[in-house]
Amino acid sequence: MFYVVIAVIIIAIVLFVRRDINNRVWKTPKKPFPKEWRIILTERVSFYNALNKEEKKLFEFEIQEFLLNYRITGISTSVEDVDRILVAASGVIPMFAFPDWQYDDLSEVLLYPSSFNEQFETRGRGRPILGMVGSGYMEGKMILSKHALRYGFANDNDKKNTAIHEFVHLIDKADGVIDGIPGRLIDMNYSIPWLELINQKIEDIKLGDSDINPYGATNKSEFFAVASEYFFGRPKLLQQKHPKLYEMMEEIFKQDPRERKAKMVKKEIRRNDPCPCESGKKFKKCCGRSHYKLGAK
């Protein structure tokens, strides 16, 4: 009887969470994009720097929209503006070609200080998890390591970005199941070729004949997420080594990140640099005023 009661409680929680998500009143930005956030994007998010003026405005709008509609909560750690912006950017980047996209299965992102285990413990040994999309009583939540979140945007030359990996799982889940086939994005004509390609690439990984992260061989959904990290992190290399995979992912995300890669650099904004808000003023005379103490050189 006890276990029946527990099961009923868990089901009730899941149904409540789903109702809360599905009944969400979508909020849209009404205020100008904060100058401090633009500085964070310029210094931390290379994808943003590769956009043209109009695209940057759209990206900023989507960042604001994300932060208005999804909570970001720190668990045993503080949540700073840089963390909020990087979480939002992780959700915006893969779906940038779909400005009306909403993560229907997400209500809150929980930020842990570091890695954790399946019991969500952040101390002790055996903590191999850096990110997770919740299920069951954790439905509607995503868990991310704060350290992994920041590292994913600090290194533009590898194929890893934990936060983008987890948001790709949500994209995959949008059709009701996490199976490596993003049903809401991929045309039915591409489904079978996509599955065949995934199976082939997973076999290559198992045989040791691939530079794709071995974790991608876990299952089809993990392959899709790992390949997406590669696609956005090292697009030119992916196209060179896996041209068919690159072509199909380009079709799925409706983006060709190779076009942006040459311009994808983070920029340290100096006092006398042009302000990133494109006001025509120097940074120190515009958005950077609050960043310098009186008398700083």
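Pairs exceeding a 32 Å alpha-carbon distance, out of 173/236; 30/160; 30/236; 141/282: 30/160; 30/236; 141/282. The sum of -39500 (n - 2.57) across all DSSP H runs of n ≥ 4, divided by the residue count of the chain, sets its helix-only mean residue ellipticity at 222 nm to -14500 deg cm²/dmol. Annotation: aspartates and glutamates with alpha-carbon distance below 15 angstrom to residue 146 (same-chain offsets under eight excluded): 80, 81, 83, 108, 121, 166.
Measuring between their Cα centroids, the range 152-171 and the range 100-117 lie 13 Å from each other. Here the chain is treated with +1 on each Lys and Arg Cβ and -1 on each Asp and Glu Cβ, and its dipole about the Cα centre works out to around 1940 debye. Annotation for the range 102-143: trypsin sites (Lys or Arg not before Pro) lying in DSSP loop with at most 12 further Cβ atoms inside 10 Å of their Cβ are 123, 125. Each 5 Å bin from zero up to the one holding the largest Cα-Cα distance in the range 130-269 carries the following percent of pairs: 2, 10, 19, 23, 21, 15, 8, 2, 1, 0. Couplings 3J(HN,Hα) of the range 217-228, computed from phi: 7, 4, 6, 5, 5, 5, 4, 4, 5, 5, 5, 5 Hz, in residue order, whole Hz [Karplus 6.51 cos²θ - 1.76 cosθ + 1.60, θ = phi - 60°; x for Gly and Pro]. Overall, the accessible surface of the range 127-260 at a probe of 1.4 angstrom is composed of carbon and sulfur to the extent of 49 percent. From the coordinates of this entry, percent of Cα pairs over 31 Å apart is computed, and it appears in (1) 55; (2) 33; (3) 60 under the label (2). Put simply, the amide H of residue 180, placed in the peptide plane, has neighbours under 5 Å in 221, leaving out anything fewer than 5 places away on its chain. Take the Cα radius of gyration of the range 40-137 and divide it by 2.2 N^0.38 Å, N being the number of residues; the result is 1.20.
Overall, the range 30-147 carries a charge dipole of about 400 debye about its Cα centre when +1 sits on the Cβ of Lys and Arg and -1 on the Cβ of Asp and Glu, all other atoms neutral. In the chain, Cα pairs under 8 Å separated by at least six residues give a relative contact order of 18 percent. In a reduced charge model with +1 at each Lys and Arg Cβ and -1 at each Asp and Glu Cβ, the range 106-241 shows a dipole moment near 500 debye about its Cα centre.
The values are calculated or read from the model by the stated rules, or taken from the named source; none is laboratory data. Please read these numbers as outputs of a predicted model, since none were measured by experiment. Cβ: placed from backbone, ideal geometry, glycine included. Neighbour counts: every protein chain shown. Ligands, DNA and RNA are stripped out before the accessible areas are found, and what is left, the full protein with its side chains, is counted by its heavy atoms. Shrake-Rupley method; radii C 1.70, N 1.55, O 1.52, S 1.80 Å.
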